[in-house]
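The values are calculated or read from the model by the stated rules, or taken from the named source; none is laboratory data. As the structure is a prediction and not an experimental result, all values here were calculated from the model. Methodologically, a virtual Cβ is constructed for each residue, glycine included, from the backbone with ideal geometry; neighbour enumeration extends over all protein chains shown.
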Amino acid sequence: MKPGKLRVPLTILAGLAIALWAATARGLRPGLPLPLLCRYGSDGCFVTAIILCGIGALTLISSTGFFDIFSYGIGTLWHHISSLWKGYEHVRYYDYKAMRAEHRGKSLPFMLIIGLTFLAVSVLLLFLYYALT
């Protein structure tokens, strides 16, 4: 199996581990009644959804070049500081952005989709909790 093929199952496994950790921190333990299991499961899935949706949204936004100005600014600052002991060749922002666009790959929003799936499971468990209580 290719390493790129493992990122979706590994993200799902990491999400399930975070959900289990968060649900356990909220009070999940064996032997609880079904409504409480749904409540704590909803809390765990919601925490996972927030984390994965946040990372997925930032990844999707960064694939458009939105954060290029920050990396250009930090790189320019570093080159100005390092030019004290070696020569400095200034690169204009337009050239830098074009150079980055050549090397930028297409981002797949798999992490955002997995996060939204965890959010849907969280909402489903919450509705089930309210239906059972």
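Among residues of the range 33-60 that are within 17 Å of ALA14 (Cα to Cα) and of a type in the set (Phe, Trp, Tyr), those with a beta-carbon under 8 Å from a residue that is modelled with pLDDT of 95 or more and surrounded by fewer than 18 Cβ atoms within 10 Å (Cβ to Cβ) at least six positions away or on a different chain give the pairs PHE46/LEU119. Which residue is farthest from TRP78 (Cα to Cα), if the candidates are limited to the range 90-133 and must be more than 26 Å from the chain's Cα centre (by Cα) and assigned to a loop (DSSP other than H, G, I, E, B)? Filtering the range 90-133 for residues that are more than 26 Å from the chain's Cα centre (by Cα) and assigned to a loop (DSSP other than H, G, I, E, B), the one farthest from TRP78 (Cα to Cα) comes out as THR133. Within the option set GLY54, GLY31, being not hydrophobic (A, V, I, L, M, F, W, C) and not in a helix (DSSP H, G or I) holds for one residue only, GLY31. Of the residues making up the range 118-133, those that are touching a residue at least 12 places away in the same chain (Cβ under 8 Å) and either in contact with a Leu (Cβ under 6 Å, 6 or more places away or on another chain) or over 10 Å from GLY41 (Cβ atoms) (or both) are PHE118, LEU119, VAL123, LEU132, THR133.
Results for (1) at pLDDT below 95; (2) part of a helix (DSSP H, G or I), shown as yes or no for each residue.
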{"site": "ARG7", "(1), (2)": "yes, yes"}
{"site": "LEU16", "(1), (2)": "no, yes"}
{"site": "LEU60", "(1), (2)": "yes, yes"}
{"site": "THR64", "(1), (2)": "yes, no"}
{"site": "ILE74", "(1), (2)": "yes, yes"}
{"site": "ILE81", "(1), (2)": "yes, yes"}
{"site": "LEU84", "(1), (2)": "yes, no"}
